Amino acid sequence: MNKFAKFAILLAIGMAFSACDFFDFDDPYVGGSFKRLVKKEQEWSDTVKVIDNWGLKDAYDERLYSHKPENFYFEASGDLNEINIDLRIECDDNGGKMTISCFRSFRDGIWQYGPDIVFKNLRGDIMTNSDGYTIRMLDSLKIGKNTYWDVLEFDATSADENTCNFDKFYVAARDGLLRIELQDTIVIERRP
């Protein structure tokens, strides 16, 4: 076999490996301090009791799934204010993507979703997307006498058009739902 044939074969093999990402050594990750959400393997479902600043009590069903270091999934739903939160993080080699969905209304027997709120290429400890929604990682948040660590704050107060029926929510990486601030100054918090 001549040198040209050997070169052509090696080139074809190299291109095949390259096309199949054989030489891709980038590992999926979540950028910035948002990586604290995916640092633990966990899967659980629970009901958390909450109370608002008017004294009304409610319970939220919540589910959390985290697979280190690839993804994080959290959902919570309550009956009293018909608040539903769906938060997903998918790791990739560009810092990951966070998608937040809010249920807006109940029509024709099904929940109608508002548009997904997406943050791409996560970095730092605070990000604002093109629609004005902000996410921030807090080291801790105190609710009553308890302190919760590694808390995500979602803030819709500066959004161009808020598609959620709340302004803010707070979710702890290990403990789940902590607080929801509604658009009419009502604050719902986890009961001690």
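The values are calculated or read from the model by the stated rules, or taken from the named source; none is laboratory data. No experiment lies behind these values; they were computed from the predicted model shown. Here the Cβ positions follow ideal geometry from the backbone for every residue, glycine too, while neighbour counts run over all protein chains shown. In case anyone asks, the SASA skips ligands and DNA or RNA and just uses the protein heavy atoms, side chains included. Shrake-Rupley method; radii C 1.70, N 1.55, O 1.52, S 1.80 Å.
So here's what we get for this one:
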| item | result |
| --- | --- |
| Subset of segment 114-130 (residues that are touching a strand residue (DSSP E or B) at 6+ places or on another chain (Cβ under 7 Å) and in a loop (DSSP other than H, G, I, E, B)) | Gly114, Asp116, Leu122, Asp125, Asn129 |
| Residue tally, condition modelled with pLDDT of 90 or more and open to solvent by 50 Å² or more (accessible area, probe 1.4 Å), over segment 98-117 | 1 |
| Number of positions in segment 170-192 that are open to solvent by less than 40 Å² (accessible area, probe 1.4 Å) and among the β-branched types (Val, Ile, Thr) | 4 |
| Flag for Asp150 being within 19 Å of Leu64 (Cβ to Cβ), touching a helix residue (DSSP H, G or I) at 6+ places or on another chain (Cβ under 6 Å) and open to solvent by 10 Å² or more (accessible area, probe 1.4 Å) | yes |
| Residues of segment 125-137 classified as surrounded by 12 or more Cβ atoms within 10 Å (Cβ to Cβ) and either more than 14 Å from the chain's Cα centre (by Cα) or of a type in the set (Ser, Thr, Tyr) (or both), total | 5 |
